[in-house]
Amino acid sequence: MSDEELAKDLGLVSAMTIGIGTMIGAGIFVLPGVAVNADGGAGPIVVVSFIVGGVIAMVNALSVSELGTAMPKAGGGYYYINKSLGPMFGSIAGMGDWMGLAFASAFYCIGFGQYLAVFVGLPAIPGLNSIQVGALVAGAIFIGVNYIGAKETGGIQTVIVGLLLSILAIFAVAGFFSFDYATLAGNEGGLAPGGYGAILPGTALVFVSFLGYAKIATVAEELKNPGRNLPIAIIGSVGIVTVIYAILVTTMLGVVPWPELSQDAPVAQAARVAFPESIGPISGVAGVAAAVMTVGALLATASSANASILASARINFAMGRDKIVTNWLNEIHPNYATPYRSILVTGGLIVVFIALLGQDIEILSKAASVLHLIVYALMNVGLIVFREADTPEYDPDFTVPLYPLTPILGAVLSLGLVAFMDGIEIALSGAFVVAAVAWYFIYARDKTDKQGVLSEHIRSRGSDLPDGVVDAADAVAPTGTGNDGPTIMVAVANPRTESALITLAGALAQHEGGRVLATHIVTVPDQTSLETAAENRTGLDQSSEELLAAAASDAESFDVPIETKTILSHRGIEEVFDAARTNDADTVVMGYGGTQFAGGRVEGSLDELTHDLPCDFLVLDGQRLDLSDVLVPTAGGPSSDLSAEVARALRDTAGIDVSLLYVVNSGEEASGREFLADWADGHGLDDAEIRVETGDVEETIGRVGEEYDLVIVGATERGLLSRIVRGSLAFETIENLETPVLLAERPSARSLWERLVGRR
């Protein structure tokens, strides 16, 4: 059975609710009471602690937004760090994210238990108080929900967030009319009874309230228009939540004197004071308001805990894909189709944390924060590495302002805040980091084969760097022997062309030591949601499975790894570009779609004006390939370089004879032959037959091409308007030649002017 992938259907509002819904959890419903009484009484100055936490989160959110638009991949922070800094730091990030989410889930469950105790009289058992008992019950339910696969839909999550914001808005309005500055600052010590030095320790405690925004990046693969929507969702959610926190905490402290603020259910307590006991003939208003706040708290903490458990499974999948952890964790349940082992292991950790640390909620919140802060610091460093290494595939749609100050500041602030944690949280996080490094050297180093950009950059400049730096890079480099070559993606759509496309892809993959990814894009009518199509796709399954099974069978003759994937989408050709980006394809091989390609290029007119190709593209016009010889017309250029690579791969893997053609004006034959001989030598085709012809280029290629089994043509460098007005060599060649034609195009950076009128 092939893998299945849903196209990008997550909108801006849904993405923003993921961040807001996770952040509006136990952070605001539990921590205010704990924070104002921390360290002997920090007092109202804790409001500033929340604001400082929002500022630190915002700086990191800018970096996460750039990384997310450059690489919208599942796994979020882990993926970025593993890709940039390498698998050793990827192990730290993955384990840190995983353990951080387990601590955060335990924290959210304790928050749930605190408000549940307001409604229900829970018993205490030896070693566990009543709140821990409620938290364990809640944790068991959330783990079970994830185990059997029941999950919130985007619509339900949006409703929950909307309901929470409405409840909190009503509370804020009521609190405004009950607010008393004397209550806020009238206690002994004023606004800062513990001194202004309590601000940063308070920030360290409440920073767990800001962890949700990074979860948006973990679903970036499913986000529509991530270049625009991802930064808005991440930055917007942090900004909105920071304002909400500042208003609500100030309101609470202006309604209830801070020494009296409940450490278990502060919002419910403040609501009981803020709302009047009766409104006209309606009595018991304050009690109802407190009950509503309690329900809101239960919804918020439940949503946060469930989302954290769900996110942990995504991280484990990403780590398993890179062989950092064993895929045993990612085993799919035969009935529920969930990664049940990963969920059970994570659930076991959550239960242990609740039982052992649940009586001190500060430890849980700070442990979750410190592990995530380490990951944020590494993400900022990874961003700098991508930029400075000038990584070709790193092309973010959003870039951080004031580079490199912003990522440097993000890393410094993140690690700086760790210094204000207590010794036990720092020791716990340090132990996890040491354990992650040990795990890498004991297990993962021999399994994974993915080099980080930093390691590749150091090795490429080895002669310019101190030996110690190069030796250090070698000392931590992975030693796995798996496939680390290019990914050749084949967009199969027609059984008649599948074999020919796989032949080309298999030859390239075998020649370059890469792998083949065969994709079948199933176009779903706009009137049908992708989720509905996925649930009712029996007919689609059969045709798609047959097509991809044939592709896998044809690839066997080349002895290369092949993966198959069905993609459901409302779009056709556009989805090929998204799939290429999402799957990190180095080359795409597909059939020619006639007029759907503007000007003979594999881009639509509008897309050509706004985007570069995501990778090399090979477009075949022909249904069958029975190859013994190929013709490569060339006049130089990057796309002709790609033509040469394809011809060389076919020669070396299938013994195909290669001929090169250069069309010149009469009297230029000698210089043409010299150019072609030099070009052949420079592209590893010095054994190819050299043919220099005179006459019209298009007519000559058509005439000579009839003698061969395949003609490989590099796409023109002329611009969009010039090709539309004056025609395109590649387009005309494909339309008129009886011999199969392979159009090769390599992406090249062009200004808007060059896109319109071409290069001079």
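The criterion of being touching a Phe, Trp or Tyr at 6+ places or on another chain (Cβ under 6 Å) and either outside any helix (DSSP H, G or I) or among the hydrophobic types (A, V, I, L, M, F, W, C) (or both) holds for Val238.
Tell me, please, whether a residue that is in a helix (DSSP H, G or I) and within 22 Å of Ile354 (Cα to Cα) can be found in the range 281-290.
Step one: of the range 281-290, the residues in a helix (DSSP H, G or I) are 285-290.
Going one step further and asking which of them are within 22 Å of Ile354 (Cα to Cα), we end up with none.
No, every residue in the range 281-290 fails to be in a helix (DSSP H, G or I) and within 22 Å of Ile354 (Cα to Cα).
For the range 404-455, taking the residues that are among the charged types (D, E, K, R) and out of contact with any Gly (no Cβ under 9 Å at 6 or more places or on another chain), the one that is nearest to Phe353 (Cα to Cα) is identified as Glu425.
Checking the condition under 24 Å from Gly296 (Cβ atoms), surrounded by 19 or more Cβ atoms within 10 Å (Cβ to Cβ), polar (S, T, N, Q) and assigned by TED's automatic domain parsing to the domain that holds Val59, which residue from Ser209, Ser278 passes? Walk me through it before giving the result.
Values: Ser278 fails: surrounded by 19 or more Cβ atoms within 10 Å (Cβ to Cβ).
Of Ser209, Ser278, the one residue that is under 24 Å from Gly296 (Cβ atoms), surrounded by 19 or more Cβ atoms within 10 Å (Cβ to Cβ), polar (S, T, N, Q) and assigned by TED's automatic domain parsing to the domain that holds Val59 is Ser209.
For residues in the range 193-203 being assigned to a loop (DSSP other than H, G, I, E, B) and either of a type in the set (Lys, Arg) or at pLDDT 75 or above (or both), which is surrounded by the most Cβ atoms within 10 Å (Cβ to Cβ)?
At the first step, the residues of the range 193-203 found to be assigned to a loop (DSSP other than H, G, I, E, B) are 193-195.
Subset that is either of a type in the set (Lys, Arg) or at pLDDT 75 or above (or both): 193, 195.
Numbers: Pro193: 19, Gly195: 12.
Going through the qualifying residues, I end up with Pro193.
Checked against the criterion of being assigned by TED's automatic domain parsing to the domain that holds Arg581 and surrounded by 13 or more Cβ atoms within 10 Å (Cβ to Cβ), the candidates Ile374, Ile488 yield just one match: Ile488.
Among the residues in the range 101-115, are any touching a Ser or Thr at 6+ places or on another chain (Cβ under 9 Å) and surrounded by fewer than 24 Cβ atoms within 10 Å (Cβ to Cβ)?
Keep residues of the range 101-115 that are touching a Ser or Thr at 6+ places or on another chain (Cβ under 9 Å), which gives 101-105, 107-115.
Still in the list and also surrounded by fewer than 24 Cβ atoms within 10 Å (Cβ to Cβ): none.
No; the residues of the range 101-115 include none that is touching a Ser or Thr at 6+ places or on another chain (Cβ under 9 Å) and surrounded by fewer than 24 Cβ atoms within 10 Å (Cβ to Cβ).
Regarding Gly410, is this residue buried (at least 18 other Cβ atoms within 10 Å of the Cβ), touching a residue at least 60 places away in the same chain (Cβ under 8 Å) and in contact with a Lys or Arg (Cβ under 9 Å, 6 or more places away or on another chain)? Spelling it out, it is not the case that Gly410 is buried (at least 18 other Cβ atoms within 10 Å of the Cβ), touching a residue at least 60 places away in the same chain (Cβ under 8 Å) and in contact with a Lys or Arg (Cβ under 9 Å, 6 or more places away or on another chain). Among the numbered criteria (1) among the hydrophobic types (A, V, I, L, M, F, W, C); (2) within 25 Å of Gly96 (Cα to Cα); (3) modelled with pLDDT of 90 or more, which single criterion is violated by Ala368? Of the numbered conditions (1) among the hydrophobic types (A, V, I, L, M, F, W, C); (2) within 25 Å of Gly96 (Cα to Cα); (3) modelled with pLDDT of 90 or more, the odd one out for Ala368 is (3). Within the range 141-170, the set of residues being modelled with pLDDT under 85 and either among the polar types (S, T, N, Q) or in a loop (DSSP other than H, G, I, E, B) (or both) comprises Asn146, Gly149, Ala150, Lys151, Glu152, Thr153, Gln157, Thr158. Screening Ala438 against (1) under 16 Å from Gly94 (Cβ atoms); (2) touching a residue at least 24 places away in the same chain (Cβ under 8 Å); (3) not hydroxyl-bearing (Ser, Thr, Tyr) leaves a single unmet condition, (2). Of all the criteria given as (1) touching a residue at least 24 places away in the same chain (Cβ under 8 Å); (2) in a helix (DSSP H, G or I); (3) out of contact with any strand residue (DSSP E or B) (no Cβ under 7 Å at 6 or more places or on another chain), the one not satisfied by Tyr394 is (2). For the range 654-683, residues that are surrounded by 14 or more Cβ atoms within 10 Å (Cβ to Cβ), under 18 Å from Val711 (Cα atoms), out of contact with any strand residue (DSSP E or B) (no Cβ under 6 Å at 6 or more places or on another chain) and not aliphatic (A, V, I, L, M) total 2.
Matching residues to (1) touching a residue at least 12 places away in the same chain (Cβ under 8 Å); (2) touching a strand residue (DSSP E or B) at 6+ places or on another chain (Cβ under 6 Å); (3) under 22 Å from Leu364 (Cα atoms):
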| site | (1), (2), (3) |
| --- | --- |
| Gly197 | no, no, no |
| Gly212 | yes, no, yes |
| Lys224 | yes, no, no |
| Pro231 | yes, no, no |
| Ile244 | yes, no, no |
| Leu248 | yes, no, no |
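Only residues that are in the same structural domain as Val385 (by TED's automatic domain parsing), part of a helix (DSSP H, G or I) and acidic (Asp, Glu) were counted in the range 412-457, giving 1.
Selection of first residues in the range 453-476 that are within 15 Å of Phe89 (Cα to Cα) and of second residues that are assigned to a helix (DSSP H, G or I) and aromatic (Phe, Trp, Tyr), restricted to Cβ pairs under 9 Å at least 6 apart or on distinct chains, gives the following pairs, ordered by first then second residue: Val453/Phe386; Leu454/Phe89; Val476/Phe89; Val476/Tyr440; Val476/Phe441.
Of all residues in the range 323-348, none that is within 21 Å of Met88 (Cα to Cα) and not assigned by TED's automatic domain parsing to the domain that holds Ala311 has its Cβ atom under 7 Å from the Cβ atom of a residue that is at pLDDT 85 or above and of a type in the set (Phe, Trp, Tyr), 6 or more apart or on another chain. When Thr301, Thr338, Thr326, Thr294 are screened for being surrounded by fewer than 22 Cβ atoms within 10 Å (Cβ to Cβ) and either acidic (Asp, Glu) or within 25 Å of Gly162 (Cα to Cα) (or both), only Thr294 passes. Residues satisfying the criterion are absent from the range 298-315 (criterion: assigned to a helix (DSSP H, G or I) and without any contact (Cβ under 8 Å) to a residue 60 or more places away in the chain). Of everything in the range 426-478 that is of a type in the set (S, T, N, Q) and over 18 Å from Lys83 (Cβ atoms), the residue that is surrounded by the most Cβ atoms within 10 Å (Cβ to Cβ) is Ser429. Scanning the range 487-495 turns up no residue that is at pLDDT below 80 and hydrophobic (A, V, I, L, M, F, W, C).
When the residues of the range 385-440 are filtered to those that are of a type in the set (Ser, Thr, Tyr) and under 23 Å from the mean Cα position of the chain (by Cα), the one that is modelled with the lowest pLDDT is Thr391. Is one or more of the residues making up the range 267-275 surrounded by 19 or more Cβ atoms within 10 Å (Cβ to Cβ), out of contact with any His (no Cβ under 9 Å at 6 or more places or on another chain) and on the phi > 0 side of the Ramachandran plot? Within the range 267-275, none of the residues are surrounded by 19 or more Cβ atoms within 10 Å (Cβ to Cβ), out of contact with any His (no Cβ under 9 Å at 6 or more places or on another chain) and on the phi > 0 side of the Ramachandran plot. Taking the conditions exactly as written (at pLDDT 75 or above, assigned by TED's automatic domain parsing to the domain that holds Leu184 and more than 30 Å from Leu405 (Cα to Cα)), does Ile28 satisfy them or not? When the stated conditions are applied, Ile28 passes them. Taking the criterion of being under 14 Å from Asp264 (Cα atoms) and assigned to a helix (DSSP H, G or I), the residues of the range 119-138 that qualify are Phe119, Ser130, Ile131, Gln132, Gly134, Ala135.
The values are calculated or read from the model by the stated rules, or taken from the named source; none is laboratory data. Everything numeric here is computed off the predicted structure, so don't read it as measured data. Neighbour counts are summed over all protein chains in view; Cβ atoms, including those assigned to glycine, are modelled from backbone coordinates with ideal geometry.
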